Every structure is written in structure tokens, then in C-alpha cells.
1. Which of the residues belonging to the stretch 25-50 are without any contact (Cβ under 8 Å) to a residue 24 or more places away in the chain, surrounded by fewer than 14 Cβ atoms within 10 Å (Cβ to Cβ) and among the polar types (S, T, N, Q)?
2. For the stretch 41-55, enumerate the residues that are outside any strand (DSSP E or B), touching a strand residue (DSSP E or B) at 6+ places or on another chain (Cβ under 8 Å) and of a type in the set (S, T, N, Q).
3. If only one of GLU62, GLU36, GLU44 is assigned by TED's automatic domain parsing to the domain that holds GLU117, at pLDDT 95 or above and within 22 Å of ILE144 (Cβ to Cβ), which one is it?
4. Evaluate the following for GLU135: is it touching a residue at least 12 places away in the same chain (Cβ under 8 Å) and farther than 19 Å from HIS216 by Cβ?
5. Which is over 23 Å from GLU62 (Cα atoms) and either touching a residue at least 24 places away in the same chain (Cβ under 8 Å) or surrounded by 12 or more Cβ atoms within 10 Å (Cβ to Cβ) (or both), of THR192, THR182, THR128?
6. Could you grab the pairs with beta carbons closer than 6 Å, sequence gap of 6+ or different chains, first residue in the stretch 70-94 and surrounded by 14 or more Cβ atoms within 10 Å (Cβ to Cβ), second one assigned to a helix (DSSP H, G or I) and of a type in the set (D, E, K, R)?
7. Take TYR139 and tell me if it is of a type in the set (Ser, Thr, Tyr) and at pLDDT below 95.
8. Test ALA21 against the criterion of being buried (at least 20 other Cβ atoms within 10 Å of the Cβ) and either touching a helix residue (DSSP H, G or I) at 6+ places or on another chain (Cβ under 7 Å) or touching a residue at least 24 places away in the same chain (Cβ under 8 Å) (or both), and give yes or no.
Amino acid sequence: MEKAFGVAPARTPVKKGTARAALVDLKESSRFLLTECFRQFGIETVLVSSSAPERLRQEKFEACVLNLAPGAEVVMEAARTSPSNSRIVLYGLGGSAHEAMRFSKYGINAMFHEPLERPAALKLVRATHMLVLHEFRRYARIPIMTEVTVVSGDSHRLSATSIDVSSGGMSLKSAEDMPSGTNVEISFSLLTLPRVTVRGAVTWRKPKSFGLRFDHADDRRHKVKEWIDAYLEN
């Protein structure tokens, strides 16, 4: 019987076309729940604990879930600067939207809140899975969290957090009220898009959130469309 020496074990082959989500340093209960949620939409989960930054530089993943704890910046930086993972869908776990803003430069796409509950987790995966599966053209809005400054016509200024963005407008989260029909000017940045300012109008309002449509007469909105097109085509 032949013996082989010094041969490193081969990596488990990845099925061609399979979307993978890296679960970085998550506790067992969270890994189990998220694995079940992603599996329902044909997304394979991969447990990543040691050398997470290195793996995200070298391996291709379509999504990544990680705790928003000390050290998260290193993992996000590795993903966003990797040629193969620069457009990875980043999910934060734990903390509030305000706390997530500490990491806004890395473009967190969505947040799982703790304690992690199956209905809420499944709802979030359902809302974002087409982006993970690269069904971009069927996904009109890109979920992404970034700080947004909103100034109304009477110079009232408030801070908000983006929920998602499309070429036509944005959904925002804010504790302050902004009535429907209000004309505003907003400014924000998105990953590779430097800070942009564009006019818009509030079209709907819900508790702690509202949506606005960009002003078609404001040519600055084209910068947002160009960024979205580049994001979808990457």
C-alpha cells in the first residue's frame, strides 16, 4: 500500500455557481440559525474563525456576517480591498444602527439585531438574498447603511441612516419626523462614491423611517445612478 508524505489536504471543492456566505466568529446558536435561513434561498454558509482577513482576501464569497466588535474593521477592510470580494454583501450582527455607523466607510449592507430571532433573520435574508445571488437586475434597490444629512427648505437639519438606495431615491431611518411632501437636500457618501449632495422630496413616512425621491431636475443624481450601475456590473 502506497503512502504519501507531506501532501497538504485539499480544500473541499466549491460547487460551481454556489453562492457562499462567510460566518465570521459567530457563536454556535447564531451560526445554526443563519445557516438555516441562508439555506432556504440556496446560499451555502462557511464557518470562518481563524485567519478571517486572509481568507476573505484569497477566497471568493458573496456575503459575510460578522459581529460588530473590536477587530471587525480588519475583516471588512480585507473584504472591501479584495478584488474578488469588493462588492461582497456585508451583514453586521449586534449593536444598533447608530453603532454601525462607526463602520460606515465599509458599506455595511444590512444588520441582524441581537438577540437573533428566526422570523426577523429570515425576513432580512429574504429581503437581500437576490443581491447575494447576483440577481442584480431584478433588485431595484441596494441595501446599504451610511450617514445621511437631511436639510429641509426651512434650513432644519437632521441626521439619518440610509436603509437602501436606488437610482431614483433613498429610504432613510430617523427618529425625527419629516412630513410627506417636504422638499429637502441630502448629502451622503457610498463606498467609492465621494460625498454627493442632491435635492429630493419626501414621498412616504412611517414610524422612524421615510422615503424620498430624487429631484429629476437635479443632475447631481446621475452620480448616484453611475455608482449603482458600476456596483451592479462589478
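The values are calculated or read from the model by the stated rules, or taken from the named source; none is laboratory data. The structure displayed is predicted, hence computed values, not measured ones. Glycine gets a Cβ as well: all are built from the backbone with ideal geometry, and neighbour counts include every protein chain shown.
1. SER50
2. SER49
3. Being assigned by TED's automatic domain parsing to the domain that holds GLU117, at pLDDT 95 or above and within 22 Å of ILE144 (Cβ to Cβ) holds for just one of GLU62, GLU36, GLU44, which is GLU62.
4. no
5. That would be THR182, the only listed residue that is over 23 Å from GLU62 (Cα atoms) and either touching a residue at least 24 places away in the same chain (Cβ under 8 Å) or surrounded by 12 or more Cβ atoms within 10 Å (Cβ to Cβ) (or both).
6. Sorted first by the residue in the stretch 70-94, then by its partner, the pairs are ALA78/ARG57; SER82/ARG57; SER86/ARG80.
7. For TYR139, the condition - of a type in the set (Ser, Thr, Tyr) and at pLDDT below 95 - is met.
8. Spelling it out, ALA21 is indeed buried (at least 20 other Cβ atoms within 10 Å of the Cβ) and either touching a helix residue (DSSP H, G or I) at 6+ places or on another chain (Cβ under 7 Å) or touching a residue at least 24 places away in the same chain (Cβ under 8 Å) (or both).
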